[in-house]
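Down below is the structure, laid out as structure tokens.
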Amino acid sequence: MDFLTTNDRPGIHAPSWYAATANGARDYPVLEGERRCDVCVIGAGYSGLSAAIQLRKSGLSVVLLEANRVGWGASGRNGGQVGSGQRVGQRELEEMVGRDDARHLWTLAQEAKALVRRLIGEGGIDCDLRPGVLDTIHRARFDRECREEVALLNERYGYADLSYVDADEVRALLGTRRYHSGMMDSGAAHLHPLNYAQGLARMADELGVKIFERSRVTGRNGTTVQTERGTIKADHVILACNGYLGGLEQEVAAKVMPINNFILATEPLGATRARGIINGGFAVADSKFVVNYFRMSADQRLLFGGTETYGYRFPKDIAGNVRRSMLDIYPQLRDVKIDYAWGGTLAITMSRMPYFTRVAPDVLSVSGYSGHGVAMATLAGKLAAEAVAGDASGFDVFTRVPAAKFPGGPRLRSPLLALAMVWYGLRDRL
């Protein structure tokens with residue numbers, strides 16, 4: 001049993017609103033026979049696509065292998081938020097890695113957002129990029145931390161795009177009384193994630209990257225990579241598999257845990273009702289440990305994400321599970337039809353920071369974005385490509401972030417994580 005085959009039809013995108021509204025993907029061939037290249041990249045999500053683009057710009061020959069379709073995994077199914085900073089708050093990050101590296105990580109996160117925008121512009125990618133993310137506080141006791149984070153980023157980091165939003169403002173913006181305050185980040189953004197991934201693939205293809213779909217990697221011996229029907233002999237390998245790594249690299253698997261997350265799309269709400277739910281073009285995420293995140297689509301559907309599972313299988317009633325979380329915030333949507341509901345597999349780390357590592361001098365791995373991957377995974381690919389080309393300065397900042405193994409070994413990691421998440425779920429309700 002594995003995440004590539006258990007919940008989805010191989011080679012077919014998940015039954016999401018994103019797949020239903022995709023601009024149209026190119027078909028790429030199956031790898032057959034033996035090929036030689038400078039770099040073999042495994043995984044055609046944001047990390048792998050970004051790495052391939054950067055490597056070709058550096059003049060290297062690249063083969064990009066994808067087990068299913070471009071953007072098939074989390075890159076084509078996620079909430080679409082292009083967030084600022086890292087997955088953890090900047091004050092917590094300073095305590096974790098020290099102020100110098102925390103500042104460097106903030107600068108890299110700013111670069112990540114700029115990189116997303118630059119690639120969209122360079123490739124003419126039509127992915128409905130819109131500005132603004134509102135991070136809401138679901139318990140009044142977290143309000144002080146919210147104010148302090150805004151002040152820290154405004155004053156110490158000079159980030160003027162973030163502002164504190166009080167309870168009355170949040171309620172006017174969102175049409176719910178569930179939230180007590182928040183932070184409006186006009187420098188963050190949101191987009192159609194599958195169209196973004198497929199646009200990156202078109203860029204890579206036009207630069208000369210050899211992309212192979214439906215070419216699952218079955219083994220690796222150093223920098224020789226085997227698929228079901230072919231072999232790649234490369235000088236370097238980049239592992240960009242995130243939650244779909246499986247057993248390809250045990251060192252990474254011990255520190256990066258796949259989990260499942262779920263999203264629904266309502267029927268179109270119409271302009272008036274949509275404004276009563278989110279009064280503006282921004283996206284929303286809350287402060288729960290198991291985060292709720294939501295935004296309006298271009299056709300005025302509410303795209304609402306939340307709930308997690310920690311085994312292999314998705315629940316039978318994805319729509320019902322996520323709908324309960326949606327109605328907790330918006331009970332006025334009880335009469336609304338759910339048109340789409342889907343799940344996907346992402347990867348988390350113990351620290352909630354990305355995990356970058358050198359598996360070997362000529363084999364790099366980037367993963368573990370912990371739900372903060374649209375911008376960060378795009379940057380990760382670029383940094384891995386730069387490291388292959390000889391400049392590892394950005395890559396090495398991430399390798400210095402402490403990375404603990406999940407306890408329990410392969411058999412017990414998921415049950416132990418599930419127990420821990422029960423506790424966090426209870427904490428969210430307190």
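Taken together, the values in this text are just the output of simple stated rules run on the coordinates, not laboratory data. Everything numeric in this text was worked out from a predicted model, so none of it was measured. Cβ atoms come from the backbone with ideal geometry, glycine included; neighbour counts cover every protein chain shown.
Can you tally the net charge around Phe294? Count Lys and Arg as +1, Asp and Glu as -1, for every other residue whose Cβ sits under 11 Å from the Cβ of Phe294.
Values: positive: Arg295, Arg301; negative: Asp286.
Neighbour charge sum, excluding Phe294 itself: +1.
Need one number: % antiparallel among DSSP beta bridges in the chain, to the nearest 5.
65 percent
Taking 0.36 nm per residue of sequence separation and subtracting the Cα-Cα distance, how much length would be gained by fully extending the chain between Arg26 and Thr231, in nm to one decimal?
Gain in length upon complete extension: 71.5 nm.
By how many degrees, 0 to 90 and rounded to 10, does the Cα axis of helix 318-329 deviate from the longest principal axis of the chain?
Helix 318-329 sits at roughly 40 degrees to that axis.
Compare Val256, Val225, Val366 in a GNM of the chain, Cα atoms joined below 10 Å, and give the one with the largest fluctuation.
Result for the chain, Cα springs under 10 Å: Val225 fluctuates most.
Can you compute the label reach from Arg103? Point 7 Å from Cα along the Cβ direction, backbone N cut-off under 15 Å, restricted to the stretch 153-185.
Once the point is set 7 Å along Cα→Cβ of Arg103, 153-159 turn out to lie under 15 Å by backbone N, inside the stretch 153-185.
So, in nm, how far is label Ala404 from label Ala360 when the simple model puts each one 7 Å beyond its Cα toward the Cβ?
So the label points at Ala404 and Ala360 sit 3.1 nm apart.
How big is the chain in terms of Cα radius of gyration and Dmax, in angstroms?
20.6, 63
Apply the Karplus parameterisation 6.51 cos²θ - 1.76 cosθ + 1.60, with θ equal to phi minus 60°, to every residue of the stretch 287-292 and state each ³J(HN,Hα) to the nearest whole Hz, in sequence, with x for glycine and proline.
Going residue by residue, I get 8, 5, 5, 8, 6, 8 Hz, with x marking Gly and Pro.
For the chain, with a Gaussian network of springs between Cα atoms less than 10 Å apart, report the residue from Arg334, Arg301, Arg220 with the top mean-square fluctuation.
Of Arg334, Arg301, Arg220, the most mobile in the Gaussian network model is Arg334.
Which far-off residues, 5 or more places away or on another chain, put their amide H under 5 Å from the one on Ala188, with H placed in the peptide plane?
Gly132, Val133
Top mean-square fluctuation among Ala389, Ala347, Ala319, Gaussian network model of the chain, C-alpha springs under 10 Å?
In the Gaussian network model the winner is Ala389.
Would you kindly derive the ³J(HN,Hα) couplings of the stretch 202-216 from the backbone phi angles with the Karplus curve 6.51 cos²θ - 1.76 cosθ + 1.60 (θ = phi - 60°), listing them in order in whole Hz, with x for Gly and Pro?
4, 4, 4, 4, 5, 7, x, 5, 8, 9, 10, 9, 6, 10, 5
Among Tyr355, Tyr46, Tyr330, which comes first, second and so on when ranked by fewest other beta-carbon atoms within 10 Å? Spell out each step's value before the answer.
On the way: Tyr355 25, Tyr46 32, Tyr330 21.
Final ranking by Cβ density, sparse to dense: Tyr330, Tyr355, Tyr46.
Using only alpha carbon pairs under 8 Å that are at least six residues apart, calculate the relative contact order of the stretch 180-302 and give it in whole percent.
16 percent
Could you pull out the chymotrypsin sites (Phe, Trp or Tyr not before Pro) across the stretch 242-293 that fall in loop regions by DSSP (anything but H, G, I, E, B) with no more than 16 other Cβ atoms inside 10 Å?
Phe289
For Asn154 and Lys337 in one chain, what is 0.36 nm times their gap in residues minus the Cα-Cα distance, to one decimal in nm?
That pair, Asn154 and Lys337, stretches by 61.7 nm at full extension.
Taking 8 Å as the Cα distance limit and 6 or more residues as the minimum spacing, I'd like the relative contact order of the chain as a percentage.
Rounded, it is 24 percent for the chain.
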